[in-house]
Structures are given as C-alpha cells and as structure tokens.
Amino acid sequence: MKRKIRMGMVGGGPGAFIGDVHRMAARLDGMIELVCGAFSSHPDKNRAAGNSLFLPESRCYDTFEEMFEKEKSLPEGERMDFVSITTPNHLHAPIALKALQNGFHVVCEKPMTLTVEEAEALAAEVERSGLLFCLTHNYTAYPMIRTAGQMIRAGELGSIRRIMVEYPQGWLADAVTPDNIQGSWRTNPVTSGVSCCMGDIGSHSENLAEFITGLKISELCANIKSFVPGRLLDDDGDVLLKFDNGAIGSLSASQIAVGEENALKIRVYGTKAAIEWNQQTPESLVIKYNDRPMQIMRRNWAGAGGRWSRLPAGHPEGFIEAFGNLYRDMALAIDARMQGVEYKTEFPTVHDGLRGVRFIHAVVASKGQWIKL
C-alpha cells in the first residue's frame with residue numbers, strides 16, 4: 001500500500017456502541033484512517049464526537065448529504081475513499097445509496113435496508129457503479145469460522161445434511177426504558193423495520209449458516225412472537241429451513257432468554273463429520289465423527305485460522321478482530337482498485353444483504369407456512 005485508506009463515518013456518535021467498535025476495528029492493521037464524519041443528527045453531539053476523534057472542524061459535517069457533496073469536491077489526494085454506515089436500520093438505505101451515487105465505496109451495518117425494494121435498488125446501484133460494498137456480518141470473519149468454511153468446501157464433512165444455528169440473548173427480556181438507546185430503536189418499527197429479534201440477530205444466524213456451508217436457504221417456515229407486553233416487534237422465534245442441496249436445518253433466535261449473553265452457536269452435520277462453533281468460545285472449532293474420537297481444533301499460527309489472525313495462539317482474538325478482518329479486506333480491495341490489480345474479496349456483499357432482507361420479510365410473513373426464499 002502506498003498510503004492509508006481514508007474512511008468517513010455516518011452515525012457512531014456519543015452513546016452509539018457499534019460506532020466505537022467499527023473505529024477500533026478499522027485502526028487494527030494501520031491501513032485505514034478516519035478523516036471525516038457526520039456522527040449525529042444533533043449538532044452538539046456531532047461536534048463533540050468530531051472533537052473527541054481529533055478531526056478538524058471542516059471535516060465534521062452536519063448531514064451525510066453535506067459530507068458526500070463536500071468530500072467529493074476535495075482533491076483526490078484528500079477526500080475519503082469509503083464511508084462506514086453505523087446508524088439505526090432505517091437510515092442504511094438512503095445513506096448507502098447516496099454514497100454510491102457520489103462515487104464512494106461503502107461499509108454498512110446490517111440489516112442492509114428496511115424493505116426488499118430498497119435492498120434490490122441498492123444491489124442494482126452497486127452493480128451499476130462497480131463500487132465495493134461490504135456488509136458487516138462480522139461473525140463470518142472469525143478465524144475458526146473461515147477455517148470451518150474451508151473444511152466444508154474441501155469436502156471434509158462430506159455432503160451436508162443438517163445445519164442448526166441458534167442465537168439466544170437476554171438483554172430485551174424486560175420492557176425497554178427511555179434511557180436504553182440501543183433497545184429503544186431496535187424495538188421501534190419506524191427505526192428497526194418489520195422485525196426486532198429476527199432482523200437484529202436472526203439475520204446474523206441466516207448469514208452465518210449460508211456463509212459457512214456455501215449453501216442457500218430455499219424455503220423456510222417460521223414462528224415468531226413478542227413476549228414483552230406492549231412490544232410491537234418480535235423478541236423470540238424459531239425457523240425451519242430447507243437448503244438448495246436438499247439439506248434441512250433450524251434457526252432459533254431469542255432476545256428474552258434470561259441470563260444469556262451472545263450465545264451464537266452453529267452446528268453443521270455432513271455424511272463424514274460434523275463441526276460445532278460457539279461465539280463465546282471462538283478460538284475453538286469442535287469436529288465430531290462416528291468412527292473416531294472428537295477433535296477440538298484451536299486457532300494457531302501453524303494452520304487453523306492463521307491467515308486471519310493477528311496474535312499468537314493463547315492470546316484470544318474475538319469480536320473486534322473479526323470486524324477488523326472485514327475492514328482489512330476492504331482496505332486491500334480499495335488499494336487493489338487504485339493499483340489496477342485483481343483482488344478477491346472475502347467480505348459479505350450487497351447480495352448477502354439482499355438475501356438477509358428477504359429472509360427477514362419471509363420470516364415475518366410465514367406465520368407457520370412454508371415460504372420460498
């Protein structure tokens with residue numbers, strides 16, 4: 001790389017957990033620098049965020065529209081290369097679309113849009129523009145998930161028959177108080193869309209199942225529910241799955257599972273072997289057989305996960321490092337574009353985002369009936 005890749009950010013102001021995660025992840029490999037932002041729709045919070053990040057006042061914008069317009073007018077050696085979108089769900093589509101129309105690559109939080117129509121329009125714009133679009137399904141970038149995907153594609157599990165993925169949390173087990181910023185917008189249909197639980201963590205589960213196996217969900221049958229009185233969106237649900245190779249599976253997601261933190265787990269069963277991975281112990285990949293003892297593969301420099309690792313074995317890597325892998329891939333992809341060379345990206349794309357939005361809407365529409373995806 002001849003220079004650092006320049007990043008702008010929309011959202012991620014004071015009190016926004018995920019914005020800090022994205023900024024830390026982008027800095028991990030020293031390839032990316034934050035040069036501008038529109039961090040909040042509240043001017044005081046926006047300026048406070050810019051000051052805390054040591055940005056010049058001229059690069060801290062009141063709106064994303066202003067940011068894209070003014071950044072585009074800067075010399076090529078100064079303007080941002082891509083924007084990171086870390087806002088609530090309802091703002092993803094208009095910001096991403098405007099960024100692409102102004103010539104900027106995009107990193108976007110999930111779910112990509114609120115509606116299927118918005119997702120289709122965004123996918124069409126990415127195809128038209130030829131720009132890069134990374135959707136931050138960060139669980140796909142854990143070293144042992146990448147290792148598991150390689151094993152499956154190499155045929156080490158045989159033909160895949162069953163995929164089981166679950167994601168229980170307990171943080172929304174009670175009514176959301178006004179000071180709970182994260183809970184407030186996620187349980188509000190205006191800002192979250194048609195789903196809370198399935199949109200927030202069910203979409204992670206769907207994406208992980210497809211990413212790790214290389215298969216696509218062809219049909220689903222869902223049962224979702226809101227347990228907390230007065231809550232307008234789902235906080236729990238189960239989905240039966242059919243995959244395009246004939247495999248079957250299940251997806252369970254809950255945000256009212258009292259005592260659970262982020263217990264995302266995936267199990268994949270083939271004709272030769274099975275694998276199991278748990279997000280809360282991400283350094284280990286369990287491999288099971290019928291004809292030999294179970295194995296536990298640990299991340300290490302010698303092989304497992306080494307390509308996507310930064311630290312020696314025994315020094316745990318996790319959530320932020322997985323985000324960092326997506327940002328590193330984006331930086332290398334942008335640099336390759338600037339150098340005019342080929343580079344094969346590994347991050348989830350706008351097409352994964354479109355599948356995710358279709359999945360969410362199919363789950364909500366299912367009501368116990370099978371729906372094609």
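Relative to the longest principal axis of the Cα atoms of the chain, the long axis of helix 203-213 makes an angle of roughly 60 degrees. The angle between the Cα long axis of helix 143-153 and the main principal axis of the chain comes to about 50°, on a 0 to 90 degree scale.
As a quick test, which of the pairs Lys242/Lys367; Lys225/Lys367; Lys4/Lys45; Lys242/Lys372; Lys4/Lys72; Lys110/Lys344 have an alpha carbon distance above 20 angstrom in this structure?
Numbers: Lys242/Lys367 16 Å; Lys225/Lys367 10 Å; Lys4/Lys45 27 Å; Lys242/Lys372 9 Å; Lys4/Lys72 18 Å; Lys110/Lys344 22 Å.
Beyond 20 Å: Lys4/Lys45; Lys110/Lys344.
Taking every C-alpha pair closer than 8 Å and separated by at least 6 residues, the mean separation divided by the residue count of the stretch 58-110 gives a relative contact order of 36 percent.
Antiparallel beta bridges, as assigned by DSSP with both residues in the chain, represent about 60 percent of the total such bridges.
Estimated from helical segments only, the mean residue ellipticity of the chain at 222 nm is -10000 deg cm²/dmol, where each DSSP H run of four or more residues counts as -39500 (n - 2.57). Look at the alpha carbon pairs under 8 Å that are at least 6 residues apart: their mean separation over the length of the chain gives a relative contact order of 20 percent.
When both the stretch 120-185 and the stretch 45-119 are represented by their alpha-carbon centers, they are found 22 Å apart. As an equivalent ellipsoid, the chain spans semi-axes of 33, 26, 19 angstrom, where each value is the square root of five times an eigenvalue of the C-alpha gyration tensor, largest first. What is the helix-to-structure angle for 116-129, meaning the angle in degrees between its Cα long axis and the longest Cα principal axis of the chain, kept from 0 to 90 and rounded to the nearest 10? With rounding to tens, the tilt is 60 degrees.
Every number in this text was worked out from the coordinates using simple rules, so none of it is lab data. All values reported here derive from a predicted model rather than from experimental measurement.
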